[in-house]
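One structure is given here, and the rest of the page talks about it.
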Amino acid sequence: MPALPARPYPAEVQARLVQDARELIGRYPVSRSALLPLLHLVQAEEGFVSPSGIRFCAEQLELTTAEVTAVATFYSMYRRKPAGRYHVGVCTNTLCAVLGGDQIFAELQDHLGIGNNETTADGEISIEHIECNAACDYAPVVMVNWEFFDNQTPQSAKQLVDDLRAGREAEPTRGARLCSFKDTARILAGFPDERPGVVDASGAGGAPSLAGLRLAKGEALPGTPGAKVVSPRHEGTEA
């Protein structure tokens, strides 16, 4: 539980967030259904869900701070301490771990001088081990502000965080170009990403993700001419 009583936001911040909150709440037939977007909204303000943010959500939805806290502490995307401008998540679940995820995470901690869920002194980088990024076909995977950096190594991951700290552009393997953690949180709250071209940059599934679908259709994969691992589903059935 956060320390209570929590301070309210400054008046100008409160007024701005109330306007945004009303827009989000208006999208749902039951107001409390907007709690998850509101938590992203307050996380966009401070880089984490603070006691003030919990109080704000509770007041907007007529909930208790205990009810809001229960939700905020259940979902791992809501941080309890300030994130860096770039929040780096390293998958350490089974497949990524055995392919190098554990080593990547250990070497990043040493390289940055911080531990899990900590942030560098300059406020640029925070790191977290993630249970699964749902991208096993690109393992080991690192995410920065929830954008994918696939097929990483300890060296490439260290170069990635060095580039981010130095202000050099780091391009995700797929998906939109990076924005700050706070900007990402606002997008996750449900507000549009106004940057030109970012929606088109989301792309489609890559070759590793689509391999199973191609095999199920009876197609041959690149490098295996004529070979069919499985038969097309319609083979052997009557029209």
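The values are calculated or read from the model by the stated rules, or taken from the named source; none is laboratory data. Computed from a predicted model, the values in this text were never measured in an experiment. Note that each Cβ is placed from the backbone with ideal geometry, even for glycine, and that neighbours are counted across all protein chains shown. Side chains included, ligands, DNA and RNA excluded: accessible areas come from the protein's heavy atoms. Shrake-Rupley method; radii C 1.70, N 1.55, O 1.52, S 1.80 Å.
For segment 51-78, enumerate the residues that are touching a residue at least 40 places away in the same chain (Cβ under 8 Å), assigned to a loop (DSSP other than H, G, I, E, B) and of a type outside the set (Gly, Ala, Ser). Across segment 51-78, the qualifying residue is only Met77. The set of residues in segment 116-172 that are small (Gly, Ala, Ser) and out of contact with any His (no Cβ under 8 Å at 6 or more places or on another chain) comprises Ala121, Gly123, Ala134, Ala135, Ala139, Ser156, Ala157, Ala166, Gly167, Ala170. In segment 22-44, which residues are under 21 Å from the mean Cα position of the chain (by Cα) and open to solvent by less than 50 Å² (accessible area, probe 1.4 Å)? Hits for segment 22-44 are Leu24, Ala34, Leu35, Pro37, Leu38, Leu39, His40, Leu41, Val42, Gln43, Ala44.
Put simply, of Ala185, Ala176 the only residue that is assigned to a loop (DSSP other than H, G, I, E, B) and open to solvent by less than 20 Å² (accessible area, probe 1.4 Å) is Ala176.
The set of residues in segment 82-137 that are open to solvent by 50 Å² or more (accessible area, probe 1.4 Å), over 16 Å from the mean Cα position of the chain (by Cα) and touching a residue at least 40 places away in the same chain (Cβ under 8 Å) comprises Leu95, Leu99, Gln103, Glu107, His111, Asp122, Asp137.
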